[in-house]
Amino acid sequence: MSERFVDLSHTVEHGLVTYKGLPAPVISDHLSREASRSLYAPGTEFHIGRIEMVANTGTYLDSPFHRYEGGDDLSQLPLSSLADLDGVVVSAAAGTARAIGPAAFGGLDVRGRAVLVHTGWDAHWKTDAYFDGHPFLTGDAAALLAEGGAALIGIDSYNVDDTADGQRPAHSILLGAGIPIVEHLCNLGRLPREGFRFFAVPVKVRGFGTFPVRAFALT
């Protein structure tokens, strides 16, 4: 039997390095269970956790504000742009050309859809290999998706752009068109090509452009 819910997110944990050069999250107790016992009736205890992290941690979503000062931040994104989206998976297997160009999307109707690019790069997650030589979208591919009216773009790679290109054309084009981006997805190989709904909703934070999501598909 096929899965009804498919989890497409990596687990955030203490010490996890998502992006080379950015600090790992620090997870600790604000109130431990042991300390809480003095605050409640006998046999009653609670845990309140604390996390210190950069926004680009785990599987996360970029809003236009991440790239553009005047773009919509997380608090301004309509839920309709993040949840219950018609999804389609585009296969672009890693190990061939790193650059994923317009040909990968040829003839595909992307209007109003979450386009999830399956490279298989998530197999390198939590290894040094994940940080270098990753697949990415070319500027021409991003332009094709934006012109085609895609609702959201996701990828299971280290970055939707070539990190050696300081202009970041894919981010610039997609976020400039108001199209959210989800990076560091996983398990895209467990999805059908079409016929599923995609969800990637971050916390509603004003003045933030990026935040982790629990991305998943409903098949």
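The values are calculated or read from the model by the stated rules, or taken from the named source; none is laboratory data. Bear in mind that the values here come from a model prediction, so they are computed numbers and not experimental data. Glycine gets a Cβ as well: all are built from the backbone with ideal geometry, and neighbour counts include every protein chain shown. Side chains are part of the model used for accessible areas, which takes the heavy atoms of the whole protein and leaves out ligands, DNA and RNA. Shrake-Rupley method; radii C 1.70, N 1.55, O 1.52, S 1.80 Å.
Quick rundown of the values:
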quantity: Number of the exception - Pro212 against (1) touching a Gly at 6+ places or on another chain (Cβ under 8 Å); (2) part of a loop (DSSP other than H, G, I, E, B); (3) surrounded by 14 or more Cβ atoms within 10 Å (Cβ to Cβ); calculated: (2)
quantity: Matching option when the condition is of a type in the set (A, V, I, L, M) and in contact with a Ser or Thr (Cβ under 6 Å, 6 or more places away or on another chain), among Ala99, Ala93, Ala104, Ala83; calculated: Ala99
quantity: Segment 130-186, residues that are not in a loop (DSSP other than H, G, I, E, B) and not aliphatic (A, V, I, L, M); calculated: Tyr130, Phe131, Phe136, Gly139, Asp140, Glu147, Gly154, Pro169, His171, Ser172, Gly176, Glu183
quantity: Long-range neighbours under 7 Å by Cβ, at least six apart or interchain, first residue of a type in the set (Phe, Trp, Tyr) within segment 116-127, second modelled with pLDDT under 95; calculated: Trp121/Ala94
quantity: Residues within segment 187-205 that are closer than 19 Å to Thr57 by Cβ and not in a strand (DSSP E or B), tallied; calculated: 6
quantity: Segment 105-162 - residue that is of a type in the set (S, T, N, Q) and open to solvent by less than 40 Å² (accessible area, probe 1.4 Å) and, of those, farthest from the chain's Cα centre (by Cα); calculated: Thr138
quantity: Filter pass, Ala217 being under 10 Å from the mean Cα position of the chain (by Cα), farther than 16 Å from Ala93 by Cα, open to solvent by less than 10 Å² (accessible area, probe 1.4 Å) and at pLDDT 95 or above; calculated: no
quantity: Matching strands (runs of 3 or more DSSP E) fully within segment 1-102 where at least 3 residues are under 20 Å from Pro169 (Cα atoms) and open to solvent by less than 30 Å² (accessible area, probe 1.4 Å); calculated: 60-62
quantity: Some residue of segment 191-200 being closer than 16 Å to Leu74 by Cα and open to solvent by less than 60 Å² (accessible area, probe 1.4 Å); calculated: yes
quantity: Residue selected from segment 162-197 under the condition among the aliphatic types (A, V, I, L, M) and touching a residue at least 40 places away in the same chain (Cβ under 8 Å), by the criterion farthest from Trp121 (Cα to Cα); calculated: Leu175
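Each row is one residue, and each column tells you yes or no for (1) among the hydrophobic types (A, V, I, L, M, F, W, C); (2) closer than 30 Å to Val205 by Cβ.
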site	(1), (2)
Gly58	no, yes
Leu61	yes, yes
Ala92	yes, no
Asp122	no, yes
Asp132	no, no
